[in-house]
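The values are calculated or read from the model by the stated rules, or taken from the named source; none is laboratory data. All values reported here derive from a predicted model rather than from experimental measurement. With ideal geometry, Cβ positions are generated from the backbone for all residues, glycine too; neighbour counts draw on all protein chains shown.
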Amino acid sequence: MRTRADIRNFWLLASLAAAITAVGLGAAYYMAVHGHIVTGMNNEVVWGLPHVFAIFMIVAASGVLNVASVGTVFGQPVYKKRAPLAGLLSIALLTGGLMVLMLDLGRPDRVLIAATHFNFTSVFAWNVFLYSGMVAIVVVYLWTIFERGMDRYTKPVGLAVLVWRFVLTTGTGFIFAFLVARQAYQSALLAPLFIVLSLGWGQAVFLITQSAIFAWNGRVLDDAIRHRMARLLGIFIVAALYLVAVYYLTNLYYAKQVSFVRFILLDGGIYPLLFWGGYVLIGSVLPLLLLFHPKLSCARTTFAASALVVAGAFAFLYVFIVGGQAFPLEIFPGHVVSSSFGDGAIAAYVPRLPELLLGVGGLGAALLLTVVGLRAFNFMPQDDSVSAKS
Amino acid sequence: MKPETPTSARDADKSNRRGFLGVAAVGLAGILLAPGIRLIEVAQAAPSTGADPKVRWGMLIDSTKCRSGCTDCVTACNAEHGLPQNPKPTDAQWIRKIEIREIRTGRTQSLPVMCQHCAEPPCVDVCPTGASFKRADGIVLVDKHICIGCRYCMLACPYKARSFIHEPVTDQKPDAPRGKGTVESCTMCVHKVDRGEQPACVQACAAAGHNAIIFGNLNDPQSEIAQRVRNIQTSQLRADLKLDPSVRYHGI
């Protein structure tokens, strides 16, 4: 039964999430009226902070469904009980990410054109179908779980979700992989890299949400279940580190990419700092320590490790997206070049408040959908061994 | 008893009213239809056939004739299209002069770079709505009506040829409509080319006496540009990407 405190907390959290979303929408309106001149973006760094937020949410939306796949497709009962929450989080994150992506368009008022005019050689156009299709397929998946008598379809639909999210994250990787002119991208490795990154980021978001829900309801998560999920997060972190290392080594293998890799990993100022300090140390090494050190492992450290993985994800994406554009295009190999249009120069980009607020607004929208969804439906994982807090 | 109106007077009244209504209807129809008829006339006056697929417009830039420090082509382009003459980093630049120095030899050159109007344009491939398109005669353009401002084409272009309009624009030129939140680039002065004229940068370079840019139909064996590219060594920027640009360079 819901207590008065429960009801008050729900409205408090929902109002907070709605306020964050509203601020984000306000920022988007401000950007739409004045143009992108009010952001830090320019003709060199054309995708800035909003894309960092949007791509994080879209990639995590795919990764969080891993929890559902392990349960439904691979038949793990502990994960099966978490499939509904994973589905809800996926829809919420995807909506938040797409909201940011759409509102960062130069002409957000033309979003209908994006839904009615398609150029099928564009990976962006494919992604419109992949994103909308994923929402639809996850809704069907949740329906088969909740509707009595439909559970016999849960497994095949769950399999379709598994395949769809792999294709979707491949599509997200391809957005960059197909940019053959850019030294930072143009690698087939980006598709598998994004899939592996999605697994860790999705698992981290799931663990954060699960901890919050259990704390909210005054319940304690079974230690064995927590330990199992934490270990899986650890494996995903290591797998992502491995593929990131392979990606940069592949880039180094081609002689012409050395200067770019040097820029990102050694002498590019903020970018190596964020890569080593943000992604590697804070986002990978520290969480691994928290997750696997026998004396440190507890509910609080699992939560902290998950939060650090998310922080590391933002650092990684900032380096990948902004750093990748800041490095100049090589139009004249073997030459030093200069022009009035930034040729040959490292591009400057300092994010400004409106774009930050838009990105945070997307997170707010995802939070709002999650909170309302949790309230309206039975998404709470029900473990047999869960004990109530005394 | 009601006095009866004579029949003839009633008929005359009716026919007057009918006449008035008829004139009014014709007048109204005229007012409504005239602009449309006028538009049909205007449309018929414009060339009825689209871009000619047998033509491939191109440019040959001779970097040995291009002077360092001369920006006449850039100034002419900016004036032609209503672009700012002293651009900020967020302003559009459809053509810019690049100074290059070969690291090994120290040889320096100066040359203009703009949209290379590729036969296989990556901007067209990646555009989600089809706003980036290539005309039958090889000119790559942006349909300003369906560009949503996603900027993916800017990431895809190997030549940094495209600009995003970051703020509201004023004092636009009728032949170069621009709009905040959309992407734009060199149109090869399509409005002038369709009138049989040369692009503004080509005219400016010739007026300065350099003649470093030749414009013409690459598919016409008799054209000056086709003869030059047949007889002298020319190269394409980022030829490794196999995009087959319509802009070629000599001397680099």
**Prompt:** Looking at A:Val78, A:Val64, which one is of a type in the set (Val, Ile, Thr) and surrounded by fewer than 19 Cβ atoms within 10 Å (Cβ to Cβ)?
**Reply:** A:Val78
**Asked** How many of the residues making up region A:148-186 are of a type in the set (Gly, Ala, Ser), surrounded by 19 or more Cβ atoms within 10 Å (Cβ to Cβ) and either over 20 Å from A:Ala136 (Cα atoms) or away from chain B (no Cβ under 14 Å) (or both)?
**Response** 5
**Item:** Residues of region B:99-123 satisfying the condition of being facing chain A (nearest Cβ under 8 Å), among the hydrophobic types (A, V, I, L, M, F, W, C) and surrounded by 21 or more Cβ atoms within 10 Å (Cβ to Cβ)
**Value:** B:Ile100, B:Val113
**Request:** Give region A:29-50 a look and list any residue that's surrounded by fewer than 24 Cβ atoms within 10 Å (Cβ to Cβ), touching a residue at least 12 places away in the same chain (Cβ under 8 Å), more than 8 Å from every other protein chain (Cβ to nearest Cβ) and in a helix (DSSP H, G or I), or say none.
**Result:** A:Tyr30, A:Val38
**Message:** Yes or no: region A:315-331 includes at least one residue that is more than 14 Å from chain B (Cβ to nearest Cβ), more than 21 Å from A:Tyr247 (Cβ to Cβ) and part of a helix (DSSP H, G or I).
**Reply:** no
**Request:** Go through region B:210-244 residue by residue and tally those that are part of a loop (DSSP other than H, G, I, E, B) and within 25 Å of A:Ala181 (Cα to Cα).
**Result:** 8
**Request:** Restricting attention to region A:93-107, report how many residues are part of a helix (DSSP H, G or I) and in contact with a Gly (Cβ under 7 Å, 6 or more places away or on another chain).
**Result:** 4
**Message:** When you scan region A:89-100, do you find a residue that is at pLDDT below 95 and among the aliphatic types (A, V, I, L, M), even just one?
**Reply:** no
**Prompt:** Within region B:136-160, how many residues turn out to be assigned to a loop (DSSP other than H, G, I, E, B) and without any contact (Cβ under 8 Å) to a residue 60 or more places away in the chain?
**Reply:** 11
**Asked** When you go through B:Asp175, B:Asp143 one by one, which is the residue that is more than 9 Å from chain A (Cβ to nearest Cβ) and touching a helix residue (DSSP H, G or I) at 6+ places or on another chain (Cβ under 7 Å)?
**Response** B:Asp175
**Message:** Can you tell me how many residues within region B:65-85 are out of contact with any Ser or Thr (no Cβ under 9 Å at 6 or more places or on another chain) and of a type outside the set (Gly, Ala, Ser)?
**Reply:** 8
**Message:** Going by what's in this entry, would B:Asp171 be described as charged (D, E, K, R), at pLDDT 95 or above and assigned by TED's automatic domain parsing to the domain that holds B:Asp62?
**Reply:** no
**Request:** Please state which one of A:Arg110, A:Arg148 is of a type in the set (Lys, Arg) and in a helix (DSSP H, G or I).
**Result:** A:Arg110
**Message:** Just checking, does region B:206-223 include any residue being without any contact (Cβ under 8 Å) to a residue 60 or more places away in the chain, among the aliphatic types (A, V, I, L, M) and surrounded by 16 or more Cβ atoms within 10 Å (Cβ to Cβ)?
**Reply:** yes
**Asked** Mind checking whether some residue in region A:104-114 is touching a residue at least 60 places away in the same chain (Cβ under 8 Å), under 18 Å from the mean Cα position of the chain (by Cα) and either under 25 Å from A:Ala326 (Cβ atoms) or surrounded by 24 or more Cβ atoms within 10 Å (Cβ to Cβ) (or both)?
**Response** yes
**Asked** What's the number of the condition B:Asp91 fails, among (1) buried (at least 16 other Cβ atoms within 10 Å of the Cβ); (2) facing chain A (nearest Cβ under 10 Å); (3) under 30 Å from A:Ile321 (Cα atoms); (4) touching a Lys or Arg at 6+ places or on another chain (Cβ under 9 Å)?
**Response** (4)
**Request:** For region A:66-84, state whether one or more residues are assigned to a loop (DSSP other than H, G, I, E, B), in contact (Cβ under 8 Å) with a residue 24 or more places away in the chain, within 12 Å of chain B (Cβ to nearest Cβ) and in contact with a helix residue (DSSP H, G or I) (Cβ under 9 Å, 6 or more places away or on another chain).
**Result:** no
**Complete:** For A:Arg352, the lone unmet condition from (1) surrounded by fewer than 19 Cβ atoms within 10 Å (Cβ to Cβ); (2) over 30 Å from A:Phe10 (Cα atoms); (3) in contact (Cβ under 8 Å) with a residue 12 or more places away in the chain; (4) away from chain B (no Cβ under 14 Å) is (4)
**Criterion (closer than 23 Å to A:Ser90 by Cα, within 14 Å of chain B (Cβ to nearest Cβ) and assigned to a helix (DSSP H, G or I)) met by exactly one of A:Ala125, A:Ala204, A:Ala136** = A:Ala125
**Prompt:** Going by the conditions given, is A:Asp104 out of contact with any Ser or Thr (no Cβ under 7 Å at 6 or more places or on another chain), within 14 Å of another protein chain (Cβ to nearest Cβ) and farther than 19 Å from B:Met154 by Cα?
**Reply:** no
**Message:** Quick check on region A:212-233. Is at least one of its residues touching a Gly at 6+ places or on another chain (Cβ under 6 Å), crowded, with 21+ Cβ neighbours inside 10 Å and part of a helix (DSSP H, G or I)?
**Reply:** no
**Count of region B:161-184 residues which are more than 24 Å from A:Tyr29 (Cα to Cα) and free of Cβ contacts under 8 Å to residues at least 12 places away in the same chain** = 1
**Prompt:** When residues of region B:149-172 are filtered for being closer than 23 Å to A:Gly173 by Cβ and more than 8 Å from chain A (Cβ to nearest Cβ), how many remain?
**Reply:** 1
